[in-house]
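Bear in mind that the values in this text are calculations on the coordinates, not laboratory data. Just so we're clear, the structure is a prediction, and the values are computed from it rather than from any experiment. Glycine also receives a Cβ, built like all others from the backbone with ideal geometry; neighbour counts cover every protein chain displayed.
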Amino acid sequence: MAHYIDIPARDGSGSFKGYLALPGGGSGPGLVVGQEIFGVNQNMRDVAEMYAEEGYVALVPDLFWRMQPGVDLGYTEEDINVAFGYFGRLGVDRAVDDIAAAIDALRALPQVSGPGVGYVGFCMGGKLAWLAAARTDLACAIGYYGIGIEDMLDEAVNIKGKLVLHFAENDDYCGAAAREKITSGLAALPTAEIYTYPGVDHAFARVGGMHFDQPSALMAHGRTMAALRSTIGPDVN
């Protein structure tokens with residue numbers, strides 16, 4: 001029930017791939033899954049399939065396609081260095097446009113029920129959750145351990161949908177000062193929820209990763225599912 005599809009770029013520059021996972025029932029709300037810096041690798045495909053098991057039509061767009069289509073890295077030291085190279089060269093404005101194109105692609109699929117689309121992103125995808133929430137019509141955007149959000153708080157005025165941000169207490173990429181700035185900056189945004197998980201590090205929700213923490217990952221997933229179900233479904237009653 002999972003395969004790659006072609007997603008037309010909004011700027012007319014071509015098309016790019018997205019990994020699409022379908023729920024067992026064949027249809028459900030649309031959900032964009034935002035990749036880490038390692039591309040649409042096995043971990044991200046597994047995440048899409050996990051959300052499909054929760055009832056979503058989950059799509060992971062290849063956000064590195066303008067530099068190198070089909071990036072699929074592991075987590076060795078060499079892979080990490082290559083991944084940071086792609087991350088450093090990513091044009092975030094175009095990446096958000098490509099997320100918007102993925103939203104369009106989901107809405108065009110007959111398997112997607114309802115107009116509301118959600119987004120869940122990790123690491124780089126967590127940062128893009130913030131920008132996508134501000135620049136698209138997502139009903140719900142959820143970011144795990146996003147980097148640099150504290151420097152983009154001026155975009156908060158454009159956020160209309162639900163926003164959930166998950167952070168790790170021991171994450172050097174988003175330390176206590178950055179988290180405090182984000183929390184203060186979003187104090188007046190009634191649709192925002194911000195959570196910090198004590199004693200864990202960046203990528204605490206990556207199953208099999210060196211920083212994976214099951215209790216925190218399960219707690220974050222429960223909050224993520226509550227936000228998605230309250231905004232886009234599926235109705236479990």
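Brief remarks follow.
- So D93, is it free of Cβ contacts under 8 Å to residues at least 24 places away in the same chain and under 18 Å from R10 (Cβ atoms): yes
- Candidate set: segment 101-124, residues that are part of a helix (DSSP H, G or I) and in contact with a Leu (Cβ under 8 Å, 6 or more places away or on another chain); chosen: the one nearest to G25 (Cα to Cα): L106
- Boolean, A9 is surrounded by 15 or more Cβ atoms within 10 Å (Cβ to Cβ) and closer than 24 Å to A226 by Cβ: no
- Answer residue from segment 71-82, given it is among the acidic types (D, E) and part of a helix (DSSP H, G or I) and is nearest to T136 (Cα to Cα) among those: D79
- Residue in segment 11-24 that is among the aromatic types (F, W, Y) and under 14 Å from the mean Cα position of the chain (by Cα) present: yes
- Here the strands (runs of 3 or more DSSP E) wholly within segment 1-70 that include at least 3 residues being more than 23 Å from A139 (Cβ to Cβ) and not acidic (D, E) are 2-8, 15-21.
- Complete set of residues in segment 105-119 that are surrounded by 14 or more Cβ atoms within 10 Å (Cβ to Cβ) and either out of contact with any helix residue (DSSP H, G or I) (no Cβ under 6 Å at 6 or more places or on another chain) or not hydrophobic (A, V, I, L, M, F, W, C) (or both): A105, L106, L109, Q111, S113, G114, G116, G118, Y119
Conditions tested, residue by residue: (1) of a type outside the set (D, E); (2) crowded, with 16+ Cβ neighbours inside 10 Å; (3) at positive phi; (4) part of a loop (DSSP other than H, G, I, E, B).
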residue	(1), (2), (3), (4)
E155	no, no, no, no
V164	yes, yes, no, no
C174	yes, yes, no, yes
A177	yes, no, no, no
S184	yes, no, no, no
Y195	yes, no, no, no
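- Any chance T136 is farther than 26 Å from A105 by Cβ and not hydrophobic (A, V, I, L, M, F, W, C): no
- Contact annotation: residue pairs with Cβ atoms under 7 Å, 6 or more positions apart or on different chains, pairing a residue in segment 28-41 that is farther than 15 Å from D98 by Cβ with a partner that is part of a strand (DSSP E or B) and charged (D, E, K, R), are N41/D72.
- Segment 187-199 residues that are within 14 Å of K162 (Cβ to Cβ), paired with ones that are not hydrophobic (A, V, I, L, M, F, W, C) (beta carbon under 6 Å, 6 or more apart): T191/K162; I194/T183; Y195/H166
- Taken over segment 110-136, the residue count meeting the criterion of being within 17 Å of V164 (Cβ to Cβ) and free of Cβ contacts under 8 Å to residues at least 60 places away in the same chain is 6.
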